Amino acid sequence: MQSQTLKPAEQANKTVGPERLNWKIIELQVTDLDRATGFWIEALGLRNLGPHGGGIALGTGERALFILHPGARAPANPRHLGMYHVALGVPDQAAFSRLLARLTARRIPIAPVDHLMGKSIYISDPDGLGIEITFETPWRFGRFGEMSHGFSLYDADGRAHNGRERLDVAAELAHARGANPDAPLADGAFLAHLHLQVAALEPAIAWFEGLGFSKNLMLPHLGFSDLSAGGTYTHRLALNTWAGKNLAPAPPDMARLLRYELDVSDPSIVVSAPDLERSVLGLTGRDPTGTHICVNLPIAL
């Protein structure tokens, strides 16, 4: 694979300053609001911030991150367009290890993975909605390798990885020794990225580029791509066609991603906003998966 399709970390890490786009809030529809709220609080240490727009807002002591809404009659089905998972970022190793200790103490099934650019723990909520807990570690990443047959990465010391090794859970838990696993989620937690299932990669990539995202890793032969928001860490939006191409949107009565908001730092980066309409909040409409999106701009276009 030629280098022009990949963006090495050494190049990306030259980027300085704030990111152009930031995830503000994620809204999800669930089958049982009380059960879902209890799980998200118990598993992740989120705070119940009270009723919001017919749902329940959850977050840290600093801000709301999620809103859970009732209304679904069926659990999530991966054979539809929409959310593959949402990633919750934590600010440091201690917070990551404390969450790992919390999940293991509660015997919640986990999939701990070392992506090299980040450490991740994957879980599912009671409706099958995917959640990734991530501690971003771009300093461990050196460059991408040749990916014609699968994922290939090299760390900062030149050692090869596939980006999907299992985390050493015992080593990670050592960083939580003496910490209280029942403590609330760290205030520095944030929405790290959104991973979507799309009908086709190229149209979806072009659509999100119009909002200011930029191509990072392009692997159409593997049905995957990711995009950056201009900062040091380059994995802010992921797209895949792993469940098949030309999937249908999620039905209204299914547990799913309902809506999300993006904050844009500079309105000039929004070079194209197809299917979005101007509103008092900025731009609103539907993304390529049919999910409602709100783009908050500092000033109107």
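The values are calculated or read from the model by the stated rules, or taken from the named source; none is laboratory data. From a predicted model like this one, the values you see are computed outputs, not experimental measurements. Every residue, glycine as well, gets a Cβ built from its backbone with ideal geometry; the counts of neighbours run over all protein chains shown.
List of remarks:
- Of all the listed residues (ALA229, ALA250), the sole one being farther than 24 Å from VAL271 by Cα, aliphatic (A, V, I, L, M) and surrounded by 17 or more Cβ atoms within 10 Å (Cβ to Cβ) is ALA250.
- Hey, LEU237 of a type in the set (A, V, I, L, M) and closer than 24 Å to ALA36 by Cβ or not: no
- Residue that is nearest to ALA189 (Cα to Cα), among those in region 115-142 that are charged (D, E, K, R) and out of contact with any Gly (no Cβ under 8 Å at 6 or more places or on another chain): GLU132
- When restricted to residues that are surrounded by fewer than 22 Cβ atoms within 10 Å (Cβ to Cβ) and either small (Gly, Ala, Ser) or free of Cβ contacts under 8 Å to residues at least 60 places away in the same chain (or both), region 51-66 contains 10.
- Selection status of ARG73, under 26 Å from TRP242 (Cβ atoms), surrounded by fewer than 18 Cβ atoms within 10 Å (Cβ to Cβ) and over 19 Å from the mean Cα position of the chain (by Cα): yes
- All of ILE121, ILE56 fail the test of being β-branched (Val, Ile, Thr), at negative phi and more than 17 Å from the chain's Cα centre (by Cα), apart from ILE56.
- When residues of region 78-91 are limited to those that are surrounded by fewer than 16 Cβ atoms within 10 Å (Cβ to Cβ) and not charged (D, E, K, R), the one modelled with the highest pLDDT: PRO91
- Per-region count, region 189-228, residues within 13 Å of the chain's Cα centre (by Cα) and in contact (Cβ under 8 Å) with a residue 60 or more places away in the chain: 10
- Considering residues of region 100-128 that are touching a Lys or Arg at 6+ places or on another chain (Cβ under 8 Å) and touching a residue at least 60 places away in the same chain (Cβ under 8 Å) only, the residue surrounded by the most Cβ atoms within 10 Å (Cβ to Cβ): MET117
- Taking every residue in region 143-158 that is touching a residue at least 60 places away in the same chain (Cβ under 8 Å) and crowded, with 17+ Cβ neighbours inside 10 Å and pairing it with any residue that is part of a loop (DSSP other than H, G, I, E, B) and not polar (S, T, N, Q), at least 6 positions away or on another chain, the pairs with Cβ-Cβ distances below 7 Å are ARG143/PRO8; PHE144/LEU6; PHE144/PRO8; MET147/MET1; PHE151/GLY163; PHE151/ARG164.
- The residues in region 160-197 that are buried (at least 18 other Cβ atoms within 10 Å of the Cβ) and under 18 Å from ILE108 (Cβ atoms) can be counted, and the count is 5.
- Looking at region 135-247, the strands (runs of 3 or more DSSP E) lying wholly inside it that each contain 2 or more residues that are among the polar types (S, T, N, Q) and under 28 Å from PRO288 (Cβ atoms) sit at 214-219, 224-228.
- Sole exception among (1) without any contact (Cβ under 8 Å) to a residue 60 or more places away in the chain; (2) over 21 Å from the mean Cα position of the chain (by Cα) for ALA248, by number: (1)
- Exactly one residue out of ALA238, ALA204 is buried (at least 22 other Cβ atoms within 10 Å of the Cβ), closer than 30 Å to ARG73 by Cβ, small (Gly, Ala, Ser) and modelled with pLDDT of 95 or more, and it is ALA204.
- Subset of region 265-293 that is at pLDDT below 95 and hydrophobic (A, V, I, L, M, F, W, C) - its residue that is surrounded by the fewest Cβ atoms within 10 Å (Cβ to Cβ): VAL280
- Residue within region 276-284 that is of a type in the set (Lys, Arg) and within 21 Å of the chain's Cα centre (by Cα) present: no
- Subset of region 13-50 [of a type in the set (Gly, Ala, Ser), outside any helix (DSSP H, G or I) and without any contact (Cβ under 8 Å) to a residue 40 or more places away in the chain]: GLY50
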